[in-house]
1. Between Thr35 and Ala49, what is 0.36 nm times their sequence separation minus the Cα-Cα distance? Round to one decimal in nm.
2. When the chain is fully extended, how far beyond the present Cα-Cα distance does Trp104 get from Ala154, taking 0.36 nm per residue of separation?
3. Around Asp116, which amide H atoms from residues at least 5 apart in sequence, or from another chain, sit under 5 Å from its own amide H, with H modelled in the peptide plane?
4. Distance in nm between label sites at Val111 and Asn184, each 7 Å beyond Cα in the beta-carbon direction?
5. Could you sort 172-182, 54-64 so that the peptide with the highest average Cβ count within 10 Å comes first and the rest follow in order?
Amino acid sequence: MTSDTTSVSPRGDLGDRLVSAAAEVFTERGYDRATVAEIARRAGVTTGAIYSRYRGKADLLADALGDALVEQIEAFLPEAPGGGADLLHLLGTNLFEMDHSNGWLLLEGIVASRRDPELADVIRRTFEDDESRLAKLVEQGKADGAIDSSLDTAAIVHFAASLGLGVKVGQLIQRTPPGADEWNNVIDVVVGAAAPRQTSP
């Protein structure tokens with residue numbers, strides 16, 4: 001999925017309908033109780049239409065999660081003209097403003113993956129794909145001189161992903177967030193610390 005509303009999804013309309021229906025069913029019923037038949041019914045197709053494109057529920061969940069994670073990042077791209085550093089700052093300061101409605105979908109998948117090694121592998125790959133996109137933005141920030149090139153990209157990405165996941169879980173259990181000003185002050189310090197160190201003349 002892209003932020004360009006005029007672009008065509010690589011999955012096509014049917015694929016998007018299937019993934020949208022799957023996200024709804026997984027969120028409402030949980031991964032274990034969701035059925036391919038119900039997903040097909042919601043999408044207005046036969047189960048054969050699903051199996052012609054997907055091996056099963058795990059692959060549908062991967063696409064649903066992938067869409068949600070990518071859309072969260074791409075929603076901020078137009079607002080981050082400075083590239084990687086600007087995006088990291090926007091992601092951090094807007095964490096509590098993001099749509100975390102897909103959080104239950106993610107948690108359902110994580111819980112179910114304890115009993116389903118194939119699903120665990122699918123979810124891990126989904127996170128890896130998402131983190132690879134963020135890593136490219138961090139590398140862009142390094143190339144632009146906005147992020148200290150001596151910092152490990154994988155460590156920055158892991159920190160950002162862990163922070164995002166923690167906020168998502170906190171919102172799901174209705175944990176009271178900090179004040180906006182206080183939170184943004186912390187993000188300013190964290191992102192500022194990632195800037196290149198100034199050398200003495």
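Throughout, read-outs are computed from the coordinates displayed, never taken from laboratory work. Everything numeric here is computed off the predicted structure, so don't read it as measured data. Every residue, glycine among them, receives a Cβ derived from its backbone with ideal geometry; neighbour counts consider all protein chains shown.
1. Full extension from Thr35 to Ala49 adds 3.6 nm.
2. Once the chain is fully extended between Trp104 and Ala154, it gains 15.4 nm.
3. For Asp116, whose amide H was placed from the backbone, there are no distant partners under 5 Å.
4. So the two model labels end up 3.6 nm from each other.
5. Sorting 172-182, 54-64 by mean packing, highest first, produces 54-64, 172-182.
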